[in-house]
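The values are calculated or read from the model by the stated rules, or taken from the named source; none is laboratory data. In this text the structure is predicted, and so the values were computed from the model without any measurement. Counting neighbours? That spans all protein chains shown, and the Cβs are built from the backbone with ideal geometry, glycine included. Accessible surface areas use protein heavy atoms only, side chains included; no ligands, DNA or RNA. Shrake-Rupley method; radii C 1.70, N 1.55, O 1.52, S 1.80 Å.
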Amino acid sequence: MSPAFGAMEVEHYSKGVLLEPFVHQVGGHSCVLRFNDKTICKPLIQREHLFYETLPTEMRKFTPQYEGVVSVSFEEDEDGNLCLIAYPLNGDHDNLESLDNSECEPKNKLLRWTNKKTVLLENEKLTKEWVRQHRKEEKMKSHKLEEEFELLKKSEVLYYSVEKKGNVSSQFKHHNPWSMKCHQQQLKRMKENAKHRNQYKFILLENLTSRYEVPCVLDLKMGTRQHGDDASEEKKANQIRKCQQSTSAVIGVRVCGMQVYQPGSGQLMFMNKYHGRKLSVQGFKEALYQFFHNGKYLRRELFEPVLKKLTELKSVLEKQESYRFYSSSLLIIYDGKELQEVAVDSDPEDLEGLSEESSDESAGAYAYKPTASSVDVRMIDFAHTTCRYYGEDSVVHEGQDTGYVFGLQNLIVIIKEIRDESSE
């Protein structure tokens, strides 16, 4: 772990955690922030919070683990730099769910939340100086980030060359303008409301990318309908139009965002939701192909684990009575780190000293043999989810979410087509 990362890991603000942009956010408009290596946080929306608290057991393996609630404050340091700080309410570090916005302790010492315990950091002066320098550097980057986001919206697909000698994963921080823009927008919203409100509740969720060295992430907007039952007529019309003008209406799924590391070309590729909305069904298929391609060859070994999980998820959702997952997304994640390739039928003794150059890239005679855990498939974003068990919803639906299941079935079919065509 680099010294800079270590300094961030030892969170910098007194009696709280300095929230950083979550650099692997590739879609959505709600700000996702890094709480620590294993945990992210996002603004608490009552409907989503209720979903996680009443989640059916059989769905838990397909959603991020829910880890509680924190209070987040919008603050300025002595240099006028803006930041978001998370606090446990009541000062209770042993139970992050027993939180109360009204009782944040004064900021006089620095501490870190580790294994549900509080660790005091005595070198307050040094840490504050690091924070001051860090914020100064971030401020200098802000104009560049604005320019990058405008470029992102215009080009919709971006490629960045990375330094192969360095840590590839750390370079996402400098090259993912989408996550940085969401962070800036959150700061702007909270600053505008600062006179009226300075305490917000955020939910803590499992960081699904934490176990991957170089996370490749595909964010898919699922279902044939995106607006919630409580949407205004304007919002409803807008969401219907987006579905009709994209693959959502035709196959029940569209690309909402993507990041892929291609070691063959030494590039990071980002695709945003604006591009995803414009894709035809064939274009959607080509985007999936691109997601599973590492710049040298197609990662065919990932197909079966992904298909297995998608099929299992489909079976689970077909049994969920009354749930509607409007506007939710599905994430597919794998590690883009370049792996030692081995012949799929080789004996273990024959694999010693096998070089990368010995692989047959075109025929795919060599491949990394993955386990099901080498890929992840998870549902996220439940701000518009509804179910009869919620009680206060004016509309109660019957049966399964056919629009979501329809999208899953088509996704499975298209991935199988890519798999079969690539093996011909």
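From the set of residues in the range 278-289 that are farther than 24 Å from V162 by Cα and among the small types (G, A, S), which is surrounded by the most Cβ atoms within 10 Å (Cβ to Cβ)?
G283
Pick from the range 410-424 the residues that are crowded, with 16+ Cβ neighbours inside 10 Å and among the hydrophobic types (A, V, I, L, M, F, W, C): which of them is nearest to the chain's Cα centre (by Cα)?
Per the stated criteria, the residue is L411.
If I filter the range 219-277 down to residues being crowded, with 22+ Cβ neighbours inside 10 Å and hydroxyl-bearing (S, T, Y), which single residue comes out as nearest to Y334 (Cα to Cα)?
For the range 219-277, the residue satisfying everything is Y261.
With the requirement that a residue be surrounded by 19 or more Cβ atoms within 10 Å (Cβ to Cβ) and on the phi > 0 side of the Ramachandran plot, what does the range 48-74 give you?
Scanning the range 48-74 gives no hits.
Being more than 30 Å from K296 (Cα to Cα), open to solvent by less than 50 Å² (accessible area, probe 1.4 Å) and at pLDDT below 75, is that true of even one residue in the range 193-209?
yes
Enumerate the pairs (first residue in the range 245-265 and within 11 Å of L220 (Cβ to Cβ); second residue anywhere and of a type in the set (D, E) and modelled with pLDDT of 95 or more) with beta-carbon separation below 7 Å, excluding pairs fewer than 6 apart on the same chain, so at least 6 apart or on different chains.
Once the first residue is within 11 Å of L220 (Cβ to Cβ) and sits in the range 245-265, its partners that are of a type in the set (D, E) and modelled with pLDDT of 95 or more give C256/D219; G257/D219; M258/D219.
Within the range 202-251, track down each residue that is in a helix (DSSP H, G or I) and touching a Cys at 6+ places or on another chain (Cβ under 9 Å).
If the condition is that a residue be in a helix (DSSP H, G or I) and touching a Cys at 6+ places or on another chain (Cβ under 9 Å), then A249 is the only one that fits.
Sort out which residues of the range 382-409 are touching a Ser or Thr at 6+ places or on another chain (Cβ under 7 Å), among the β-branched types (V, I, T) and surrounded by 17 or more Cβ atoms within 10 Å (Cβ to Cβ), and write them in order of number.
T385 - this is the single residue of the range 382-409 that is touching a Ser or Thr at 6+ places or on another chain (Cβ under 7 Å), among the β-branched types (V, I, T) and surrounded by 17 or more Cβ atoms within 10 Å (Cβ to Cβ).
So which helices (runs of 4 or more DSSP H) are wholly in the range 263-334 and hold at least 1 residues that are under 22 Å from the mean Cα position of the chain (by Cα) and within 21 Å of A383 (Cα to Cα)?
The qualifying helices (runs of 4 or more DSSP H) are 273-278, 303-317.
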